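Asker: This is the structure I want to talk about, given as structure tokens.
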Amino acid sequence: MPIPGHMSDPAYEMNRNVDRMLHLYHNRHYRIIHEEIRSMKWFIEDLTSSYRSVPSPLYDVIIDMGQKSPSFFDNLIQSRTPADLLERFRLSLYPFSFIPDMQDDWRLLILIHQLYADALARDMKGGRLAEGFCNPLKEIRLMLKNTLSSRN
């Protein structure tokens, strides 16, 4: 919540409200603490609560990706549910529709990998990546490999 004070130097009282925290996150005065805001476990879990329906290992990787990459975090802000994410980036999945025996449950896994790899490339330009940013990419690639190899 904003605390009354000088307009040029706003102060906030912290609470556990996702939308209010996003307001703080988008405030230009607090860009220096973006990584700290993204790293708050309760915040990222509340923001992605609709993603809890995906299998546990994937959900955990999504949380990790949101904490490590500001660009991927922005995707989670824009698409608060897996269905929203799939709809928003449906054209990105078009080339994968040609994979023989493509199953619907693979779509989200492939899309998450693709979005995170793209986010890393964008974030590298600005030096905005958190430590260990490659770990989620390695985990999602292993999931993809196991998922796609299990179809044989």
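Asker: Please tell me which of these pairs span more than 23 angstrom C-alpha to C-alpha: Lys125/Lys145; Lys68/Lys125; Lys41/Lys145? Please report the intermediate quantities before stating the final value.
Answerer: Values: Lys125/Lys145 28 Å; Lys68/Lys125 15 Å; Lys41/Lys145 28 Å.
With Cα atoms farther than 23 Å apart: Lys125/Lys145; Lys41/Lys145.
Asker: Follow-up. On average, how much accessible surface per residue is there in the chain, in Å², for a 1.4 Å probe, leaving out ligands, DNA and RNA? Numbers along the way, then the final one.
Answerer: Details: 9250 Å² over 152 residues.
I get 61 Å² per residue for this part.
Asker: Next question. Starting from the Cα-Cα distance between Ser150 and Ser53, subtract it from 0.36 nm times their residue separation and give me the gain in nm to one decimal.
Answerer: Once the chain is fully extended between Ser150 and Ser53, it gains 32.8 nm.
Asker: Let me check something: with ligands and nucleic acids excluded, how do Lys41, Lys145 order by accessible area (1.4 Å probe), largest to smallest?
Answerer: Values: Lys41 115, Lys145 135 Å².
So the residues, ranked largest to smallest area, are Lys145, Lys41.
Asker: Still on this structure: Given the rule -39500 (n - 2.57) for each run of at least 4 DSSP H residues, summed and divided by the residues of the chain, what is its mean residue ellipticity at 222 nm, to the nearest 500 deg cm²/dmol?
Answerer: Values: 8 runs with 89 residues, N = 152.
Calculated from helices alone, the mean residue ellipticity at 222 nm is -18000 deg cm²/dmol.
Asker: log10 I(q)/I(0), Debye, Cα-only the chain, no solvent, q = 0.14, 0.20 Å⁻¹?
Answerer: Each listed q maps to, in turn, -0.72, -1.29.
Asker: Just want the answer: with Cβ charges of +1 for Lys and Arg and -1 for Asp and Glu, which residue in Ser150, Phe98, Ile112 is farthest toward the dipole's positive end in segment 14-150?
Answerer: Value: Ile112.
Asker: Could you tell me the relative contact order of segment 14-150? Use alpha-carbon pairs under 8 Å, at least six residues apart, and round to a whole percent.
Answerer: Numbers: 112 pairs, mean separation 33.7, N = 137.
Answer for segment 14-150 is 25 percent.
Asker: Given charges of +1 on the Cβ of Lys and Arg and -1 on the Cβ of Asp and Glu, with all other atoms neutral, how large is the dipole of the chain about its Cα centre, in debye to the nearest 20?
Answerer: Working: 19 positive and 19 negative charges, 59 e Å.
Value, rounded to 20: 280 debye.
Asker: Membrane-span-like helices in the chain: DSSP H runs reaching 27 Å or more (Cα, own axis), mean Kyte hydropathy at least -1.0? Please list the in-between numbers first.
Answerer: Details: long enough: 104-126 (35 Å, -0.04).
Both cut-offs are met by 104-126.
The values are calculated or read from the model by the stated rules, or taken from the named source; none is laboratory data. All figures in this text were calculated on a predicted structure; none of them were measured in a lab. For neighbour counting, all protein chains shown are included, and Cβ atoms are generated from backbone atoms with ideal geometry for every residue, glycine included. We work out accessible area using only protein heavy atoms, side chains counted, and drop any ligands, DNA or RNA first. Shrake-Rupley method; radii C 1.70, N 1.55, O 1.52, S 1.80 Å.
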